[in-house]
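Structure first, then comments.
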Amino acid sequence: MSLLAYCEWLAATQGSIALHESMYMYPIVESTHVLALMLFVGFATILDLRLLGLILKRVPVSQVLERLLPWTIGGFVVMVITGVLLFYAIPVRTYQSIFFRAKVIFLILAGLNVWLFHTRIFTRIADWDHAIITPKAARRAGLASLILWGAIIVTGRMIAYNWFDCDIQPQPAFVNWAAGCVVPPPTP
Amino acid sequence: MLLPFFQWCETLWLGQFVVGSLWLFPVIESVHLLALALLGGAIFIVDFRLLGLGLKDRDVSELARDARPWMIGALLAMILSGIPLFLSEPVKCYYSTAFWIKMTTLPIALAFAFTVRWRVALAEPVRGTARRQQLVGALSMALWFTVAAAGRWIGFS
């Protein structure tokens, strides 16, 4: 089964239809997604700004990480759960949204950045834990994280707009390709 | 009574400029959301600390001082991006309950942040302040969450 067919199957399920048509559940899930964003991206931003030496300069980096990470992870879990529900409510259109696809790519890159930070940079934190100016690699990871989460927020918000939706044709060939639109060949 | 004012707002150049563009509203909205994330971080590290969570080995005053410029910067960005968003649909806002909830809680949250919360955050942790600090942290979080949720809800009406 292709992913598109899977999304079409998902869209026909009771739960998806109920969530999609609900008067309050969908807005509640959406609002929770935004409130979790305040907490999760908020704390992630504080961590990034500390890596860049711009905030909490007297606090050791390890302390900021240790104290904020559990809450950051908690916020992320809420973001994922509400995000999956939002996808579940509108599967086909979201799957074929170029903004959603861009967001997934940015999410993967952000995950990669976290993984690189923890395996390559964080392991030597003892050398620079108290430094205001952290090593170049740590600063780069902080900056990359800021940019990536910003891009995730913007592309996430843009999913709501239908400029590039598959059912609005004609679209540039690139859009149809990137969104995976199934477009019938033009009739002569 | 206020309706004529909101109708007048709708005639302003800035709002019409936003309405006339396909991209401007979403772009300004994105800036509004990015600033919200920063605001959340700058406010909640202090509120969490007031609740005895998060960076609990540091003084509240240290966190509050460090977070303050970021909080003010984020608030300015929120207000500067919020104004054109409002001006693009003032009459819709007038009839939106969510808008009025936001406009009621926002001044309260702002006043609270710069008076009670700021003073409590700077106060030395003497005996008996713990309960008060927790209350202030919880109230601040509740206020800002309400402002944010009501703000999101304007878009649903």
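The values are calculated or read from the model by the stated rules, or taken from the named source; none is laboratory data. Treat the numbers as computed from the prediction; the structure is a model and nothing was measured. Positions of Cβ are generated from backbone atoms using ideal geometry, with glycine treated the same way; all protein chains shown enter the neighbour counts. Surface areas here come from the heavy atoms of the whole protein model, side chains and all, with no ligands, DNA or RNA. Shrake-Rupley method; radii C 1.70, N 1.55, O 1.52, S 1.80 Å.
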- Note on the structure: Checked segment A:154-178 for anything crowded, with 19+ Cβ neighbours inside 10 Å and assigned to a helix (DSSP H, G or I); matches are A:V154, A:T155, A:G156, A:R157, A:M158
- Mind listing just one residue for me: the one in segment B:56-72 that is open to solvent by less than 40 Å² (accessible area, probe 1.4 Å) and within 9 Å of another protein chain (Cβ to nearest Cβ) and, of those, nearest to the chain's Cα centre (by Cα)? B:A67
- Note on the structure: Within segment A:11-32, residues in a helix (DSSP H, G or I) and hydrophobic (A, V, I, L, M, F, W, C) come out as A:A11, A:I17, A:A18, A:L19, A:M25, A:I28, A:V29
- Hey, any hits in segment B:106-120 for a residue that's surrounded by fewer than 17 Cβ atoms within 10 Å (Cβ to Cβ), within 14 Å of chain A (Cβ to nearest Cβ) and at pLDDT 95 or above? no
- Filter segment B:13-55 for residues that are farther than 30 Å from A:Q63 by Cα, aromatic (F, W, Y) and within 11 Å of another protein chain (Cβ to nearest Cβ); which is least open to solvent (accessible area, probe 1.4 Å)? B:F25
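From the list A:L51, A:L69, A:L65, pick out the single residue that is in contact (Cβ under 8 Å) with a residue 40 or more places away in the chain and either surrounded by fewer than 23 Cβ atoms within 10 Å (Cβ to Cβ) or within 8 Å of another protein chain (Cβ to nearest Cβ) (or both).
Numbers: A:L51 fails: either surrounded by fewer than 23 Cβ atoms within 10 Å (Cβ to Cβ) or within 8 Å of another protein chain (Cβ to nearest Cβ) (or both); A:L69 fails: in contact (Cβ under 8 Å) with a residue 40 or more places away in the chain.
Among A:L51, A:L69, A:L65, only A:L65 is in contact (Cβ under 8 Å) with a residue 40 or more places away in the chain and either surrounded by fewer than 23 Cβ atoms within 10 Å (Cβ to Cβ) or within 8 Å of another protein chain (Cβ to nearest Cβ) (or both).
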